[in-house]
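In what follows, a structure is listed as structure tokens, so that the remarks can point back to it.
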Amino acid sequence: MAEEVKLFGLWGSPFSRRVEIALKIKGVKYEYIEDDLQNKSALLLKYNPVHKKVPVLLHNGKPIAESLVLLEYIDETWEGNPNLPPDPYERAQARFWAKFIDEKCLPALWKALFGEESEQEKAMEEALQNLKMLEKELKDKRLFGGGGGGGGGGGEESIGLVDIAANFIAYWVGIIQEAVGAEILNRERFPVLYKWIDELLSCSVIRENLPPRDKMLAYFISRVQAAKASK
Amino acid sequence: MAKTDVKVLGAWPSSFVLRPRIALNLKSVEYEFLEEDFGSKSPLLLQSNPVYKKMPVLIHLDKPICESLIIVQYIDEVWASGPSLLPSDPYDQALARFWAAYIDDKWFPSVRGIALPQGEEAEAELMVQVFEGLALLEDAFDKCGQGKAFFGGDKVGYVDIALGSFLGLLRVAEKMNNVKLLDEAKTPKLVGWAERFCSHDAVKEVMPETDKLVEFAKMLRARFKAPAS
């Protein structure tokens, strides 16, 4: 039976890009469908009625949502270049840090950059603390790693679940900082994290699956202007 | 394997702490339960979970694993010879992960909000969210379990553990608010499932009694309301 893989995504969404990276690392052929935000496409509402969000993967007609769930699904379904290591303890660590990124890092960063002014200082402190913890976890590794082959020789040399999950930090934060005129992440404060960003962005499978910088910057600048105009 | 090779750091009232205990019971793995004092955090806890400083923590062969659902997955993978907690089919597995994430990220905050309320206005909205969630989960029950006894099918699985661990909190919310949340008229499948889950051998010895939980919740409420001294 010919396999059918469709991905509903958004060009600017880090969550959507995570799934694309994972699929590309595995060499899975898929059809990409850009979600029409204005009309919240009927298909999206059908396939993800609970959250009504992208990314949604349709595999042979069966829908799956939530990017971290999808990263695990992709690992389980297609062989080769896994994003999780085989050892249960290391898998638990990778899952822990991916969850930490989504539950703590991203919300704090978002609030620090876009939140109400009264919340920004506290969010900034939290974001800095979280990034420090993440940096500590990196130690002297080039990547968070744990992957089986995508972009390297396996183990810590290969892109793993945490590297993919941290794509927002590697790429989007820098762009948003420029749009907003703030600085949380910089090379002086986070030398180890920056080395990781350089390493990650040097991997072609990552680089080729990021939204164009100028387009992304323009988007965030217009968001900032819209927010100012509404005040 | 010696009993001391496996330790669970936790406290009896915590829903999250129930999860690894149920999982270990299902796998027939003996463990040492290190009871934390709910008011303070032991040095072992702080050392084992420096990022969140929260329970549960599983300590296996001196290595700590944190976050309850991550611990459950770890238990499933390490003790692979025991009954599996996650489905083997990748799609069913993804479905299980999806619903467990929904339960923790979306549904649980509403339940906690009405069990340990912050203010009357928010409560009405939260109550609606809890009922909406239960309706979704009633629907998910058959999707996951294919009409069998549990979300995991014939046996207790990942989603059963994720949702079932909150049954105590749900009962507290019912008592405190004088409302029936698990209602046979609205979610009959969940009502039947809840009874089966709570009477399961792996669950009944660790699930705290509702009365004790209510007392504990009242104590917590009083503590929050008391003026800072």
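Give me the pairs, please: first residue somewhere in the stretch B:11-40 and more than 23 Å from B:A115 (Cα to Cα), second residue anywhere and among the charged types (D, E, K, R) and at pLDDT 95 or above, beta-carbon distance under 6 Å, and either six or more positions apart or on two chains.
Filtered contacts from the stretch B:11-40: B:E32/B:K7; B:L34/B:K7.
Looking only at the stretch B:57-79, which residues are open to solvent by 20 Å² or more (accessible area, probe 1.4 Å) and among the aliphatic types (A, V, I, L, M)?
Correct list: B:L61, B:L69, B:V78.
Residues checked against (1) in contact with a Gly (Cβ under 9 Å, 6 or more places away or on another chain); (2) of a type outside the set (D, E, K, R):
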{"residue": "A:L109", "(1), (2)": "no, yes"}
{"residue": "A:S118", "(1), (2)": "no, yes"}
{"residue": "A:Q129", "(1), (2)": "no, yes"}
{"residue": "A:E135", "(1), (2)": "no, no"}
{"residue": "A:G160", "(1), (2)": "yes, yes"}
{"residue": "A:D163", "(1), (2)": "yes, no"}
{"residue": "A:V180", "(1), (2)": "no, yes"}
{"residue": "A:I184", "(1), (2)": "no, yes"}
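Condition check: surrounded by fewer than 14 Cβ atoms within 10 Å (Cβ to Cβ), of a type outside the set (S, T, Y) and assigned to a helix (DSSP H, G or I). Does B:V179 satisfy that?
Details: surrounded by fewer than 14 Cβ atoms within 10 Å (Cβ to Cβ): yes; of a type outside the set (S, T, Y): yes; assigned to a helix (DSSP H, G or I): no.
Judged against the criteria, B:V179 is not a match.
Can you tell me which residue in the stretch B:80-129 is surrounded by the fewest Cβ atoms within 10 Å (Cβ to Cβ), limited to those that are touching a strand residue (DSSP E or B) at 6+ places or on another chain (Cβ under 8 Å) and aromatic (F, W, Y)?
Pass one, the stretch B:80-129, residues touching a strand residue (DSSP E or B) at 6+ places or on another chain (Cβ under 8 Å): B:87, B:91, B:94-95, B:98.
Going one step further and asking which of them are aromatic (F, W, Y), we end up with B:91, B:98.
On the way: B:Y91: 16, B:F98: 24.
Ranking the qualifying residues of the stretch B:80-129, first place goes to B:Y91.
Could you check, for the stretch B:8-30, whether at least one of its residues is among the acidic types (D, E) and more than 26 Å from B:K155 (Cα to Cα)?
Going through the stretch B:8-30, the residues among the acidic types (D, E) turn out to be B:30.
Still in the list and also more than 26 Å from B:K155 (Cα to Cα): none.
Taking every residue of the stretch B:8-30 in turn, none turns out to be among the acidic types (D, E) and more than 26 Å from B:K155 (Cα to Cα).
What number goes with the only condition from (1) open to solvent by 30 Å² or more (accessible area, probe 1.4 Å); (2) touching a Ser or Thr at 6+ places or on another chain (Cβ under 9 Å) that B:D154 does not pass?
(2)
Does the stretch B:140-168 hold any residues that are touching a Phe, Trp or Tyr at 6+ places or on another chain (Cβ under 8 Å), assigned to a helix (DSSP H, G or I) and of a type in the set (A, V, I, L, M, F, W, C), and which are they?
Those that are touching a Phe, Trp or Tyr at 6+ places or on another chain (Cβ under 8 Å), assigned to a helix (DSSP H, G or I) and of a type in the set (A, V, I, L, M, F, W, C): B:A140, B:F141, B:C144, B:V159, B:A162, B:L163, B:L167.
As an exercise: evaluate B:K54 against (1) open to solvent by 70 Å² or more (accessible area, probe 1.4 Å); (2) touching a Cys at 6+ places or on another chain (Cβ under 7 Å) and give the number of the one condition it does not meet.
(2)
Quick test for you: out of A:I197, A:I169, A:I206, pick the one residue that is β-branched (V, I, T), at pLDDT 95 or above and buried (at least 20 other Cβ atoms within 10 Å of the Cβ).
Numbers: A:I197 fails: buried (at least 20 other Cβ atoms within 10 Å of the Cβ); A:I206 fails: at pLDDT 95 or above.
From the options A:I197, A:I169, A:I206, the qualifying one is A:I169.
Taking B:V72 and the conditions (1) away from every other protein chain (no Cβ under 11 Å); (2) at pLDDT 95 or above, which numbered condition does it fall short on, given that it satisfies the others?
For B:V72, the failing item is (1).
Take A:A229 and tell me if it is of a type in the set (G, A, S) and surrounded by 19 or more Cβ atoms within 10 Å (Cβ to Cβ).
no
Within the stretch A:53-71, does at least one residue satisfy the condition of being open to solvent by less than 30 Å² (accessible area, probe 1.4 Å), at pLDDT below 95, in contact with a strand residue (DSSP E or B) (Cβ under 6 Å, 6 or more places away or on another chain) and not in a helix (DSSP H, G or I)?
We begin by selecting, within the stretch A:53-71, every residue open to solvent by less than 30 Å² (accessible area, probe 1.4 Å); these are A:54-59, A:64-65, A:67, A:69-71.
The next check asks that each one be at pLDDT below 95; those that pass are A:54.
Retained after the next criterion (residues that are in contact with a strand residue (DSSP E or B) (Cβ under 6 Å, 6 or more places away or on another chain)): A:54.
If we keep only those that are not in a helix (DSSP H, G or I) too, we end up with A:54.
Yes, the conditions are met somewhere in the stretch A:53-71.
Could you identify the single residue in A:I64, A:I74 that is within 16 Å of the chain's Cα centre (by Cα), within 12 Å of chain B (Cβ to nearest Cβ), farther than 30 Å from A:Q177 by Cα and of a type outside the set (D, E, K, R)? Please lay out each step first, then the result.
On the way: A:I64 fails: within 16 Å of the chain's Cα centre (by Cα).
Going through A:I64, A:I74 in turn, just one is within 16 Å of the chain's Cα centre (by Cα), within 12 Å of chain B (Cβ to nearest Cβ), farther than 30 Å from A:Q177 by Cα and of a type outside the set (D, E, K, R): A:I74.
Report the residue count in the stretch A:181-193 for those that are buried (at least 17 other Cβ atoms within 10 Å of the Cβ) and within 27 Å of A:S222 (Cα to Cα).
2
The values are calculated or read from the model by the stated rules, or taken from the named source; none is laboratory data. No experiment lies behind these values; they were computed from the predicted model shown. Cβ sites come from the backbone with ideal geometry, for glycine too, and all protein chains shown count toward neighbours. For the accessible areas, the whole protein counts, side chains as well, though only heavy atoms, and no ligand, DNA or RNA atoms are used. Shrake-Rupley method; radii C 1.70, N 1.55, O 1.52, S 1.80 Å.
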